[in-house]
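What follows is a set of notes on a single structure, which appears directly below.
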Amino acid sequence: MSEYLCLTLIAEAGETESAFKARLTAFWSHVIRTLPDRYEAVYAEAKHFDVTNGRVSRQYMVESDATTAVTEALTQQGITTAPVDTDDVYTKYEASGSEWFQIDH
């Protein structure tokens, strides 16, 4: 059974939700075309944006063995991530709650 980690992506200081959403859309479009195996490892996206340390943020459930590769791709594109708690592991069932949108691959 797959295990997932929660990856929190954080906007730049002062960046609006709509601007951050546009950057994320551009990033994921790039990943789909150039790194499809990494995109396949992303199981779910939080239905709503949140705020982390005073900045807009969005969470994703990523297969635990692909978290480092996905984080590296994000960093290369200038998208900040919060530190990942590798002890906080989720099952597919837990990553399928009503607060998550499952990504259709």
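The values are calculated or read from the model by the stated rules, or taken from the named source; none is laboratory data. Note that this is a predicted model, so its numbers are computed, not measured. A quick note on method: Cβ atoms are made from the backbone with ideal geometry, for glycine too, and the neighbour counts reach across all protein chains shown.
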Exercise for the section: State which residue is farthest from the chain's Cα centre (by Cα) when the search covers only the range 52-72 and only residues that are farther than 11 Å from T8 by Cβ and surrounded by fewer than 17 Cβ atoms within 10 Å (Cβ to Cβ). Expected result: G54
Practice task
May I ask you to verify whether R38 is without any contact (Cβ under 8 Å) to a residue 40 or more places away in the chain, surrounded by 16 or more Cβ atoms within 10 Å (Cβ to Cβ) and either touching a helix residue (DSSP H, G or I) at 6+ places or on another chain (Cβ under 6 Å) or closer than 18 Å to I103 by Cα (or both)?
Solution key: yes
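For V31, state whether it is among the hydrophobic types (A, V, I, L, M, F, W, C) and part of a loop (DSSP other than H, G, I, E, B).
no
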Handout entry: Of the criteria (1) assigned to a helix (DSSP H, G or I); (2) closer than 13 Å to F20 by Cβ, which one S57 fails
Key = (1)
Fill in the blank from the handout: Within the range 83-104, residues being surrounded by 15 or more Cβ atoms within 10 Å (Cβ to Cβ) and over 14 Å from Y43 (Cβ atoms) number 1
Exercise for the section: Output the residues belonging to the range 79-93 that are outside any strand (DSSP E or B) and in contact (Cβ under 8 Å) with a residue 24 or more places away in the chain. Expected result: I79, A82, V84, D85, T86, D88, K92
Practice task
Working carefully through the options I10, I79, find the one that is in contact with a helix residue (DSSP H, G or I) (Cβ under 8 Å, 6 or more places away or on another chain), at pLDDT 95 or above and either surrounded by 12 or more Cβ atoms within 10 Å (Cβ to Cβ) or basic (K, R) (or both).
Solution key: I79
